[in-house]
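Undergrad: Below is the structure I would like to discuss, written out as structure tokens.
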Amino acid sequence: MNIRILSVGKIKEKYLRDGIAEYAKRLGRYCKLSFSQVNDEKTPDGASLAQEEAIRKTEGERLLKQLKDNEYVIALALDGKMMDSPSLAAHLEKLAVQGNSTIDFVIGGSLGLSEEVLRRADEKLCFSPMTFPHQLMQIILLEQIYRSYRIINHEPYHK
């Protein structure tokens, strides 16, 4: 299976890049993992709702250009479905059995995802009602994908 993490903005902090690299290495035995980033837009201090919407729309257009019609898209969004780790593992296994060879996980920028990206998504997934920095979210997502493959393969993992 091909899994791609599509996100807004670059990871600048070395400790986050190191964590991402570690999980990418671990996942190498289970799937083909790739990353794509699109540029983020600067959000001015005190931005109006209209300015924020325009930023989401611009970033969303960049994300949509990266998505192909035959890819299964899971958008990370606060109003998405919440799952525990075994449920996510079962879901990923089911998607693979159904013939979804490429799954794109989409992580928005600091203002979230545009409505257009959310409409394109095949589903929305929420990790927590709390908000996390989009850079940190990549590591959290990768850890859960790794944990899912460990569960699918009946390998030990920390509960």
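Undergrad: Could you tell me whether ILE151 is surrounded by fewer than 20 Cβ atoms within 10 Å (Cβ to Cβ) and either among the aliphatic types (A, V, I, L, M) or closer than 20 Å to ILE3 by Cα (or both)?
TA: So ILE151 passes the test.
Undergrad: Let me ask something else about it. Go through (1) within 14 Å of the chain's Cα centre (by Cα); (2) open to solvent by less than 30 Å² (accessible area, probe 1.4 Å); (3) within 16 Å of ASP79 (Cβ to Cβ); (4) modelled with pLDDT of 95 or more for SER128 and report which single condition fails.
TA: It fails just one condition, (4).
Undergrad: Here's something else I'd like to know. Of the residues that make up the stretch 15-31, is at least one over 17 Å from the mean Cα position of the chain (by Cα) and either farther than 29 Å from ILE3 by Cβ or of a type in the set (A, V, I, L, M, F, W, C) (or both)?
TA: No, that holds for no residue.
Undergrad: Then there is this: Kindly list the number of the only condition in (1) touching a Cys at 6+ places or on another chain (Cβ under 7 Å); (2) under 23 Å from THR58 (Cβ atoms); (3) at pLDDT 95 or above that fails for LEU78.
TA: Against the list (1) touching a Cys at 6+ places or on another chain (Cβ under 7 Å); (2) under 23 Å from THR58 (Cβ atoms); (3) at pLDDT 95 or above, LEU78 comes up short only on (3).
Undergrad: Somewhere in the stretch 41-55, is a residue within 20 Å of ASP104 (Cα to Cα) and without any contact (Cβ under 8 Å) to a residue 60 or more places away in the chain?
TA: There is no residue in the stretch 41-55 that is within 20 Å of ASP104 (Cα to Cα) and without any contact (Cβ under 8 Å) to a residue 60 or more places away in the chain.
Undergrad: When you look at GLY108, is it touching a residue at least 40 places away in the same chain (Cβ under 8 Å) and farther than 19 Å from ARG147 by Cβ, yes or no? Even if it seems obvious, please write down each step before you answer.
TA: Details: touching a residue at least 40 places away in the same chain (Cβ under 8 Å): yes; farther than 19 Å from ARG147 by Cβ: yes.
Against the criterion (touching a residue at least 40 places away in the same chain (Cβ under 8 Å) and farther than 19 Å from ARG147 by Cβ), GLY108 qualifies.
Undergrad: Within the stretch 34-52, how many residues turn out to be under 15 Å from the mean Cα position of the chain (by Cα) and open to solvent by less than 40 Å² (accessible area, probe 1.4 Å)? Step through it out loud before you land on a result.
TA: Taking the stretch 34-52 first, the residues under 15 Å from the mean Cα position of the chain (by Cα) are 34-38.
Filter once more, so that each one left must be open to solvent by less than 40 Å² (accessible area, probe 1.4 Å): 36, 38.
The number of residues fulfilling the criteria is 2.
Undergrad: From the list GLN135, GLN98, pick out the single residue that is closer than 21 Å to GLU71 by Cβ and open to solvent by 10 Å² or more (accessible area, probe 1.4 Å).
TA: On the way: GLN135 fails: closer than 21 Å to GLU71 by Cβ.
The conditions single out GLN98.
Undergrad: All but one of (1) closer than 22 Å to LEU113 by Cα; (2) of a type outside the set (Gly, Ala, Ser); (3) open to solvent by 70 Å² or more (accessible area, probe 1.4 Å) hold for LYS25; which doesn't?
TA: Only one criterion is unmet by LYS25, namely (1).
Undergrad: Right, another one. Could you check VAL117 against (1) touching a residue at least 24 places away in the same chain (Cβ under 8 Å); (2) assigned to a helix (DSSP H, G or I); (3) open to solvent by 20 Å² or more (accessible area, probe 1.4 Å); (4) closer than 30 Å to PRO44 by Cβ and say which number it fails?
TA: (3)
Undergrad: While we're looking at this one, here's another question. Quick check on the stretch 1-14: of everything there that is over 19 Å from LYS68 (Cα atoms) and over 15 Å from the mean Cα position of the chain (by Cα), which residue is least open to solvent (accessible area, probe 1.4 Å)?
TA: Within the stretch 1-14, the match that is least open to solvent (accessible area, probe 1.4 Å) is GLU13.
Undergrad: Further, regarding this structure: Specify which of the listed residues (ASP84, ASP104) is closer than 22 Å to CYS126 by Cα and open to solvent by 60 Å² or more (accessible area, probe 1.4 Å).
TA: ASP84
The values are calculated or read from the model by the stated rules, or taken from the named source; none is laboratory data. This one's a predicted model, so the numbers in the text were calculated from it and none came from an experiment. Neighbour counts run over all protein chains shown; Cβ positions are idealised from the backbone, glycine included. Protein only, heavy atoms only, side chains kept; ligands, DNA and RNA dropped before computing areas. Shrake-Rupley method; radii C 1.70, N 1.55, O 1.52, S 1.80 Å.
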